[in-house]
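Handing you this structure, nothing more for now.
The values are calculated or read from the model by the stated rules, or taken from the named source; none is laboratory data. Quick caveat, the model's predicted, so the values are computed rather than measured. Here the Cβ positions follow ideal geometry from the backbone for every residue, glycine too, while neighbour counts run over all protein chains shown. Ligands, DNA and RNA are stripped out before the accessible areas are found, and what is left, the full protein with its side chains, is counted by its heavy atoms. Shrake-Rupley method; radii C 1.70, N 1.55, O 1.52, S 1.80 Å.
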Amino acid sequence: MRHPWDTLLATARQRMHWAWEAWGPRVAVCWTAGKDSTVALHLWREVVAAAGARPLAVTIDTGWKFPEIREFRQRLAGAWDVDLRVFTPQEISLPVAADPVQCCAARKVLPLRRAVQELGLAALIIGVRADEHPERAATGWQWAVDGHVRIAPLLEWSEVDIWTYHAWAQIPWCPLYDQGYRSLGCVPCTSRSHDLAERSGRDLRKESHMASLRSLGYF
């Protein structure tokens, strides 16, 4: 059953206010520069601005991101006065995308774990939605991972809800979405969507191992 728009928005804001009241500046948005986490960052920016603070965002640059993602990320971080911290994988010899579980663990999960530790974070706000994958619906809107709490304020939103917010709040998006992409990841594992499924352009090997990836700390 679809949730009314005002309820979705109010619930997302309540979850973020709860996070700020619980941990204050020890909360960061994990920002991929995709459409969903950009909505999360915009909402979090409102919450921290009311407290007179800057939004803290963590991004993991695997070394295989689209140039358009990097350019959009830097431009919007400057426009929104985001305290952006970019973390990259440490030197690894693993071939990119050869094994999707090992590749994501080395290039995404481990750098994110390092970011949480080095920044002393208590919680991460993420932009995942339950309708993207059954595994993302399983944990609810908050859960503990590797010594911190993950918060998914947009869990019940749909892809249409995300784009509705972009239009309503007049916030920008990465230009790759105008080129036929609906879900953005690393270059070797991302293509234009080819059917009605939002993540049809993502590597199906990775999608089929989502449970294993999430057990390692993936979103």
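Can you work out which of the residues in segment 37-76 that are open to solvent by less than 10 Å² (accessible area, probe 1.4 Å) and of a type in the set (Gly, Ala, Ser) is nearest to the chain's Cα centre (by Cα)?
By that ranking, first place goes to SER37.
Let's see how each residue does on (1) part of a loop (DSSP other than H, G, I, E, B); (2) crowded, with 19+ Cβ neighbours inside 10 Å; (3) touching a strand residue (DSSP E or B) at 6+ places or on another chain (Cβ under 7 Å); (4) at pLDDT 90 or above:
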{"position": "ILE162", "(1), (2), (3), (4)": "no, yes, no, yes"}
{"position": "TRP168", "(1), (2), (3), (4)": "no, no, no, yes"}
{"position": "LEU184", "(1), (2), (3), (4)": "yes, yes, yes, yes"}
{"position": "SER193", "(1), (2), (3), (4)": "yes, no, no, no"}
{"position": "SER200", "(1), (2), (3), (4)": "yes, no, no, no"}
{"position": "LYS206", "(1), (2), (3), (4)": "no, yes, no, no"}
{"position": "ALA211", "(1), (2), (3), (4)": "no, no, no, no"}
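If you don't mind, there's one more thing I want to ask. Only one of these conditions is not met by THR32: (1) part of a helix (DSSP H, G or I); (2) β-branched (Val, Ile, Thr); (3) open to solvent by 10 Å² or more (accessible area, probe 1.4 Å). Which number is it?
(1)
Given the conditions (1) hydrophobic (A, V, I, L, M, F, W, C); (2) outside any loop (DSSP other than H, G, I, E, B); (3) at pLDDT below 95, report the number of the one that VAL48 does not fulfil.
Among (1) hydrophobic (A, V, I, L, M, F, W, C); (2) outside any loop (DSSP other than H, G, I, E, B); (3) at pLDDT below 95, the lone unmet condition for VAL48 is (3).
Tell me, yes or no, whether segment 142-159 has at least one residue that is touching an Asp or Glu at 6+ places or on another chain (Cβ under 8 Å), under 29 Å from SER191 (Cβ atoms) and assigned to a helix (DSSP H, G or I).
yes
Determine whether ARG113 is touching a residue at least 12 places away in the same chain (Cβ under 8 Å), in a helix (DSSP H, G or I), within 17 Å of VAL29 (Cβ to Cβ) and in contact with an Asp or Glu (Cβ under 9 Å, 6 or more places away or on another chain).
Numbers: touching a residue at least 12 places away in the same chain (Cβ under 8 Å): yes; in a helix (DSSP H, G or I): yes; within 17 Å of VAL29 (Cβ to Cβ): yes; in contact with an Asp or Glu (Cβ under 9 Å, 6 or more places away or on another chain): yes.
For ARG113, the condition - touching a residue at least 12 places away in the same chain (Cβ under 8 Å), in a helix (DSSP H, G or I), within 17 Å of VAL29 (Cβ to Cβ) and in contact with an Asp or Glu (Cβ under 9 Å, 6 or more places away or on another chain) - is met.
Can ARG75 be described as modelled with pLDDT of 95 or more, over 19 Å from GLN142 (Cβ atoms) and part of a helix (DSSP H, G or I)? Walk me through how you get there before you give the answer.
Working: modelled with pLDDT of 95 or more: yes; over 19 Å from GLN142 (Cβ atoms): yes; part of a helix (DSSP H, G or I): yes.
When the stated conditions are applied, ARG75 passes them.
Let me ask something additional. Do the conditions hold for PRO172, that is, is it assigned to a loop (DSSP other than H, G, I, E, B), crowded, with 20+ Cβ neighbours inside 10 Å, of a type outside the set (D, E, K, R) and at pLDDT 90 or above? First the steps, then the outcome.
Working: assigned to a loop (DSSP other than H, G, I, E, B): yes; crowded, with 20+ Cβ neighbours inside 10 Å: no; of a type outside the set (D, E, K, R): yes; at pLDDT 90 or above: yes.
No, not satisfied.
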